1. Mind checking the full-extension length gain between S73 and L168? Use 0.36 nm per residue of separation minus the Cα-Cα distance, one decimal, nm.
2. Please state the shape class of the range 1-98: rounded when a/c is under 1.5, otherwise prolate if a/b exceeds b/c and oblate if not, all from the C-alpha gyration tensor.
3. With respect to the cross-link table entries K81/K102; K60/K175; K123/K177, which display a Cα-Cα separation exceeding 23 Å?
4. Report, for the chain, the % of DSSP beta bridges that are antiparallel, rounded to 5.
5. If you count only protein heavy atoms and use a 1.4 Å probe, how large is the accessible surface of D4, to the nearest 10 Å²?
6. Is it possible to state the helix-based mean residue ellipticity at 222 nm for the chain, with each DSSP H run of 4+ residues giving -39500 (n - 2.57), the sum divided by total residues, to the nearest 500 deg cm²/dmol? What is it?
7. For K8, go through the lysines and keep the ones whose alpha-carbon is under 19 Å away, minus same-chain ones fewer than eight residues off.
8. Which one of G109, G121, G159 has the biggest mean-square fluctuation once the chain is modelled by GNM with Cα springs under 10 Å?
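The values are calculated or read from the model by the stated rules, or taken from the named source; none is laboratory data. None of these values were measured; they are calculated from a predicted model. Only protein heavy atoms, including side chains, enter the accessible area calculation; ligands, DNA and RNA are left aside. Shrake-Rupley method; radii C 1.70, N 1.55, O 1.52, S 1.80 Å.
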Amino acid sequence: MISDTVFKDALEVALKAQGLNKKERQETANIYIEKYPTEHMNDILDDEEQKAREHQAAKKASKKVRSEFEEQSALVHWFRKTYPDVWIYANRNGGTRSPREKVDQIREGVLAGVADLFAPGFKLYIEMKRTNGGVTSDAQIAFKEHVERFGYRWILAEGFEDAREQILIIVEKNKNKT
């Protein structure tokens with residue numbers, strides 16, 4: 001457990017990174033200290049630090065288009081925090097390889113077009129693209145059509161925000177079915 005002073009200092013940094021003014025930061029810190037027991041302070045800091053990262057990422061994104069790697073990394077972080085009991089993992093199909101490595105990987109079973117991410121608990125494949133400029137290949141479309149024939153879901157996400165919204169819709173629809 002952490003002391004109130006350490007908690008307040010760390011929370012101050014996270015809230016400042018979210019763009020809150022000094023009065024808002026003090027009020028928020030006081031509410032947390034009054035409302036929540038000490039054993040929840042680490043969770044609160046994790047949440048506020050994630051909000052700060054998302055705020056900073058959004059601020060940065062307004063200046064430049066994030067890479068597919070950055071978008072996918074943000075999604076995986078959010079997904080694992082939001083659905084800790086549901087696995088999500090990456091398929092390492094992309095990247096630069098020597099001709100020899102390409103041949104070896106094809107022999108091992110690497111397949112062009114396989115989606116970037118898979119969440120087996122949701123039977124969901126996720127093809128990530130940047131928010132601006134990403135292109136879906138014919139192999140990716142063929143993969144989508146193949147997995148959908150077997151009852152899997154496949155989404156094309158143009159960035160973290162788009163992926164998150166689509167996943168939230170899928171989860172909500174699943175809740176309504178049960």
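1. Values: separation 95, 0.36 × 95 = 34.20 nm, distance 1.75 nm.
So the extension gain works out to 32.5 nm.
2. On the way: a/c = 3.41, a/b = 1.77, b/c = 1.92.
Taking the square roots of the gyration eigenvalues as a ≥ b ≥ c, the range 1-98 is oblate.
3. Over 23 Å apart, Cα to Cα: K81/K102; K60/K175.
4. Numbers: 5 of 11 bridges.
Of those bridges, close to 45 percent are antiparallel.
5. Accessible area of D4: about 70 Å².
6. Details: 7 runs with 104 residues, N = 178.
Mean residue ellipticity at 222 nm (helix-derived): -19000 deg cm²/dmol.
7. K16, K22, K23, K35, K51
8. G109
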